[in-house]
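Q: Structure incoming, see below.
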Amino acid sequence: MKTNKKFFADDIPRRKFLQMSLKGGIAMAATPALLTQLLSCKKATSVGAKLELDPQIYNRTIQKALEKGGEFADVYVENRISRNIIMEESKFKSAVFGINQGAGVRVISGDKTGFAYTDDITEETLINAAEVASYVARGTDKVPPVDVKEQNRESYITVNLPLEEIADEKRLEVMQRANQAALDYDPKIKMAFISYYDEVRGRTIANSEGLQLSDELPLMFFIVQTLGVGNNTRHMGRERLSKHSGFEMFDVVTPEEVARTCARESIVMLEATDCPAGKMDVVIQNGWGGVLVHEAVGHPLEGDSIAKKIGVFTGKLGQKVASDVFTMVDDGSLPNFRGTTNFDDEGTQMKKNVLINKGVLEKYMTDILSAKQLNMERTGNGRRESFRHLPIPRMTNTYIDKGTDKPEDILASSKSGIYVQSLSGGSVNSTTGMFNFTCREAYLIENGKKTTPVKGATLIGNCLDIISNIDAVGEDLAFGPGICGKGQMAEVSAGQPTVRIRGINVGGSRARG
Amino acid sequence: MDYIALTKKLVKGCLDKGADQAEAYLENGRNLQIEVRNGEIETVQEAASHGVGFRVFVRGRMAFASCNDFSEGALKNAMNKAIGFAANTTVDENNVLPDDKGLADVSGLYDPQIAQVSMDQKIELAKQVEKLAMKDSRITKSAGSGYNEGEAEVYLANSNGLSKSYRETVCSFGVYVVAEKGDQKSSGGENCSRRYFQELKTPQEVAEKAARDAYEMLDTRMVKTQKADVIFNPDVARSVLGGILAGVNGERVLQGASFLADMMDQKIASDLVTIIDDGTRSKGLASKPFDGEGLPTQKRTIIDKGVLKGFMYNTIVAKRAGVQSTGNASRGGFRSLPGIGAHNFFMEVGPVDPEDIIKATKKGLYLRGVTGYGIIPVNGNFSGGASGFWIENGKIAFPVKGLTIAGSAFEMLNAIDMVGNDLDLNRSFTAPTFRIKSMQIGGE
């Protein structure tokens, strides 16, 4: 057990270094005595499976949690079953089965939060956890809890081929197909790494406002990496596919398509030369390039840093913060998307939240605590990695809304600079607004054309400058899946159309000619 | 609960269900997390946790299952799942478990006093470090301070008769603050981790560093794109060491996916560079008596005066490579398979006072922050965002941010021409201050 020193893609400093825990993880155990799973898998309806505890247990737990004071308490019960199969060098190397269950009890009193969690889910362990969590509210005013009553939420997830009905042979088959397609693409592809991951996560949320809510969601995450080897160069490409859906995900995008997209990148980048360094114009292709907006603008708009008045967008609500062509949205209702879970992990309905509208800052993303502190609406962004973590404002599916420019015109009208076709990831300091991201596939732009591929470079800037310097937004919105780290992980997607940004600092290894 | 008996029983259970070899890795522990802001407690989080991971080998195929419910039914279910899942993997003659019953002699991992220190004292530590960090008038806001601690026990048993355990504690505290000047905002933070509560630094020391990190980065300027010397302060060592660590991963080497794959016994860095991996150091934050599959840990030289001397292995990869495991099986907790990872990984101390490294630099960048992925292990490419101080004529001139630095690993490592004497072995992944001659810097 160590101080958590993971190298997060997101540099949200405070929570990163302050956190320490037994390796956080997402393995879950189904305890037959406590959990009844209803497997419903009809077309066009959501999968619903209820974790059944007697509601009186939730009421008693919440009462215990608020015994010493406090205005809000909730109980979060989670059960997660996951499978991860890894293929490398054309062999199925490992198969990992995870069973993980547990419950967390939280109390909020003013700005204070008490929290405790347990692996065992019984009335006794829940009451114990409630007692531990209750101390933080000692001596404060109490808001009497309301008895829980089951409610519903709008669902944006449909499942056609439920994971429970998929034989492992089918999982191996899609991996095998991806592997073959990658190796067949070009003799310079020496190896493929395929990771197949799926899980079913059941949640039950009960709180002192009388909410009781349950669901069960499947998640799939398919990753292909291909190693291209040239003369004295190597490039690892990557392509990922992820949805909250059943196995039908592979009918929409085939494993071969994923593998070929990845292999193409590996081969092309074997010809990459050193990237020039310095300030230049950057055109970023549609898709996972949206990590730009996730880092540069998304994190700084999360309610916790705003509530603490340390975020770079503090106090700017209603002001023009970006160019007229810039509209930015976080939308947890996009159907079957990786960042969509219907309701957040506090029970708030997820929805479309327009954060910046034609350059004007309209909204922050909140969880229950920051919504209260800021006296703003709950936007459905209170998410948590597991029952072992507190919910905090997190993104869902974040994107730059489409504009009216044709992507080919954006490139053609760029005299010089860098064309970025894909990114690895990035990070941001939400206080200073300095953000950065790392390119995977990029090209020089010369007189409006993509020319030589260039090695992965860092792009760095200040978020307030970047969004003011976006001067072209295409009509070709697309998304990519990702993992967001903020002291704890969250599944997200990020998207954008092709955009152009004037004047970003590019970290190449050669001086500009 | 007698976890030693339980892990042995679980191993036997797997064998009874059809596994040829089996391993059970169990963790049990508790943690406490306190967050304070503006002098008030903001969050208190406490929990106990446990879990076990089963690795099974069935006729040469390997699979794994983990479970955090210790009821009989749940454990049986997990064992069954692991054995059933093994049908999915490919037969590999290298799928074996270790049989070394030894233990490395590692002391100082467990502080029996930590649970006796009162909660009030721990809260006070978090409050004090924040209060002290806020003292400077340039510091305008606190992003929060905190105290964390954890205690854990690890138990491992396998079908070769291994049955080992150890326990450990770790505690840390830190603070994060914001400095403002007009429209400018700058942030800085510092933390301290130790095995023993009494050995934590004073809140004064931690507070001063956090505050300095914040206010020293006000009034930053940009510089032009140019080549210049770059001094890496210990806080940014990871950006270089991370890629080296990934590059010496024995499995990547076998797969040809490492920039160091063909470089054993070759000179890959300057004479001044020696890098060590040590799992045995007393009180080391990453020390342990045995690795993630039960082999005693070692102290090994990875790079010796610039020459690559050691790759890292676990049992399966070592067998494939025809060598002995180096005791580097690493788990991210009970839920994960043992991969390959480092223990206390560091660049050996050098002879030069860090102040003299600055004095010897006519023009250059003193790095305090680096962003990005560091050295890419597949090809050795490096590119990152940079902030710190600009040096002119051997003196710190002004702070800079929003720059980029880039290069290739071999160029960078061979250009390390000064190494400092300020190695802090209280950190588990670290280096002294060192200087790289002439890197490409991106600016205006």
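Q: Quickly run through region A:450-467 and pick out the residues that are surrounded by fewer than 23 Cβ atoms within 10 Å (Cβ to Cβ), modelled with pLDDT of 90 or more and either closer than 13 Å to A:V282 by Cβ or touching a His at 6+ places or on another chain (Cβ under 6 Å) (or both).
A: A:K450
Q: Looking at B:D417, B:D422, which is the one that is more than 7 Å from every other protein chain (Cβ to nearest Cβ), outside any strand (DSSP E or B) and surrounded by fewer than 24 Cβ atoms within 10 Å (Cβ to Cβ)?
A: Details: B:D417 fails: outside any strand (DSSP E or B).
Matching residue, one of B:D417, B:D422: B:D422.
Q: Scan region A:246-259 and tell me whether some residue there is touching a Gly at 6+ places or on another chain (Cβ under 6 Å), under 25 Å from A:Y76 (Cα atoms), outside the structural domain of A:L423 (by TED's automatic domain parsing) and crowded, with 20+ Cβ neighbours inside 10 Å. So that I can check it myself, show each step before the final result.
A: First pass over region A:246-259, keeping only residues touching a Gly at 6+ places or on another chain (Cβ under 6 Å): none.
So far as region A:246-259 goes, no, none of its residues is touching a Gly at 6+ places or on another chain (Cβ under 6 Å), under 25 Å from A:Y76 (Cα atoms), outside the structural domain of A:L423 (by TED's automatic domain parsing) and crowded, with 20+ Cβ neighbours inside 10 Å.
Q: What do you reckon, is A:Q176 assigned by TED's automatic domain parsing to the domain that holds A:A259, surrounded by fewer than 17 Cβ atoms within 10 Å (Cβ to Cβ) and closer than 30 Å to A:G339 by Cα?
A: On the way: assigned by TED's automatic domain parsing to the domain that holds A:A259: yes; surrounded by fewer than 17 Cβ atoms within 10 Å (Cβ to Cβ): yes; closer than 30 Å to A:G339 by Cα: yes.
Yes.
Q: Okay, next question. Quick one: is B:D229 part of a strand (DSSP E or B) and among the acidic types (D, E)?
A: Details: part of a strand (DSSP E or B): yes; among the acidic types (D, E): yes.
Taking the combined requirement at face value, the residue satisfies it.
Q: Of all residues being more than 9 Å from every other protein chain (Cβ to nearest Cβ) and in contact with a Leu (Cβ under 8 Å, 6 or more places away or on another chain) in region A:80-105, which is nearest to B:N94 (Cα to Cα)? Just the residue, please.
A: Per the stated criteria, the residue is A:A103.
Q: Answer with yes or no whether A:L270 is in contact with a strand residue (DSSP E or B) (Cβ under 6 Å, 6 or more places away or on another chain), in a strand (DSSP E or B) and over 30 Å from A:T113 (Cβ atoms).
A: Values: in contact with a strand residue (DSSP E or B) (Cβ under 6 Å, 6 or more places away or on another chain): yes; in a strand (DSSP E or B): no; over 30 Å from A:T113 (Cβ atoms): yes.
So A:L270 fails the test.
Q: On the given criteria, is B:I358 under 15 Å from the mean Cα position of the chain (by Cα), assigned by TED's automatic domain parsing to the domain that holds B:A431 and touching a residue at least 60 places away in the same chain (Cβ under 8 Å)? Steps first, please.
A: Values: under 15 Å from the mean Cα position of the chain (by Cα): no; assigned by TED's automatic domain parsing to the domain that holds B:A431: yes; touching a residue at least 60 places away in the same chain (Cβ under 8 Å): yes.
Judged against the criteria, B:I358 is not a match.
Q: Another one. Does A:K352 satisfy the condition of being surrounded by fewer than 22 Cβ atoms within 10 Å (Cβ to Cβ), among the basic types (K, R) and touching a residue at least 60 places away in the same chain (Cβ under 8 Å)? Don't jump to the end; show me each part of the working.
A: Details: surrounded by fewer than 22 Cβ atoms within 10 Å (Cβ to Cβ): yes; among the basic types (K, R): yes; touching a residue at least 60 places away in the same chain (Cβ under 8 Å): no.
No; evaluated as a whole, the condition is false for this residue.
Q: Quick check on A:T431: is it surrounded by fewer than 23 Cβ atoms within 10 Å (Cβ to Cβ) and either more than 14 Å from chain B (Cβ to nearest Cβ) or not in a strand (DSSP E or B) (or both)?
A: Values: surrounded by fewer than 23 Cβ atoms within 10 Å (Cβ to Cβ): no; either more than 14 Å from chain B (Cβ to nearest Cβ) or not in a strand (DSSP E or B) (or both): yes.
Judged against the criteria, A:T431 is not a match.
Q: Mind listing whichever residues of region B:1-35 are among the aliphatic types (A, V, I, L, M), in a strand (DSSP E or B) and more than 10 Å from chain A (Cβ to nearest Cβ)? It would help to see each step written out before you state the result.
A: Taking region B:1-35 and keeping what is among the aliphatic types (A, V, I, L, M), we get B:1, B:4-6, B:10-11, B:15, B:19, B:22, B:24, B:26, B:32, B:34.
Those left that are additionally in a strand (DSSP E or B): B:22, B:24, B:26, B:32, B:34.
Within region B:1-35, B:A22, B:A24, B:L26 qualify.
Q: Within region B:158-167, identify whether any single residue is at the interface with chain A (Cβ under 9 Å from one of its Cβ atoms) and either part of a strand (DSSP E or B) or at pLDDT 95 or above (or both), and answer yes or no.
A: Quick first cut of region B:158-167, residues at the interface with chain A (Cβ under 9 Å from one of its Cβ atoms) only: none.
No: region B:158-167 contains no residue that is at the interface with chain A (Cβ under 9 Å from one of its Cβ atoms) and either part of a strand (DSSP E or B) or at pLDDT 95 or above (or both).
Q: Looking only at region B:194-226, which residues are assigned to a strand (DSSP E or B) and either among the aliphatic types (A, V, I, L, M) or in contact with a Leu (Cβ under 6 Å, 6 or more places away or on another chain) (or both)?
A: Scanning region B:194-226 gives a single hit, B:R194.
Q: Given the conditions (1) at negative phi; (2) of a type outside the set (D, E, K, R); (3) modelled with pLDDT of 95 or more; (4) under 25 Å from the mean Cα position of the chain (by Cα), report the number of the one that B:G388 does not fulfil.
A: All conditions are met except number (1).
Q: A follow-up question, please. Collect the residues in region B:387-414 that are away from every other protein chain (no Cβ under 14 Å) and either buried (at least 23 other Cβ atoms within 10 Å of the Cβ) or hydrophobic (A, V, I, L, M, F, W, C) (or both), keeping them in residue-number order.
A: Across region B:387-414, the qualifying residues are B:F389, B:W390, B:I391, B:I396, B:A397, B:F398, B:L413.
Q: One residue is enough: does region A:359-372 have a residue meeting the conditions in contact with a Ser or Thr (Cβ under 8 Å, 6 or more places away or on another chain), surrounded by fewer than 20 Cβ atoms within 10 Å (Cβ to Cβ) and not β-branched (V, I, T)?
A: Scanning region A:359-372, I find at least one residue that is in contact with a Ser or Thr (Cβ under 8 Å, 6 or more places away or on another chain), surrounded by fewer than 20 Cβ atoms within 10 Å (Cβ to Cβ) and not β-branched (V, I, T), so the answer is yes.
Q: Going by what's in this entry, would B:Q116 be described as modelled with pLDDT under 95 and either closer than 30 Å to B:A5 by Cβ or more than 12 Å from chain A (Cβ to nearest Cβ) (or both)?
A: Numbers: modelled with pLDDT under 95: yes; either closer than 30 Å to B:A5 by Cβ or more than 12 Å from chain A (Cβ to nearest Cβ) (or both): yes.
Here the answer is yes, as B:Q116 does meet what is asked.
Q: Tell me, which residue of region B:54-89 that is of a type in the set (F, W, Y) and closer than 21 Å to A:E173 by Cα is modelled with the highest pLDDT?
A: B:F64
Q: Would you mind stating whether B:P338 is under 30 Å from B:I441 (Cβ atoms) and not polar (S, T, N, Q)? Steps first, answer last, please.
A: On the way: under 30 Å from B:I441 (Cβ atoms): no; not polar (S, T, N, Q): yes.
The answer is no for B:P338.
The values are calculated or read from the model by the stated rules, or taken from the named source; none is laboratory data. Nothing here was measured: the structure is a model prediction, and the numbers come from that model. No Cβ is skipped: glycine too gets one built from the backbone with ideal geometry, and neighbour counts run over all protein chains shown.
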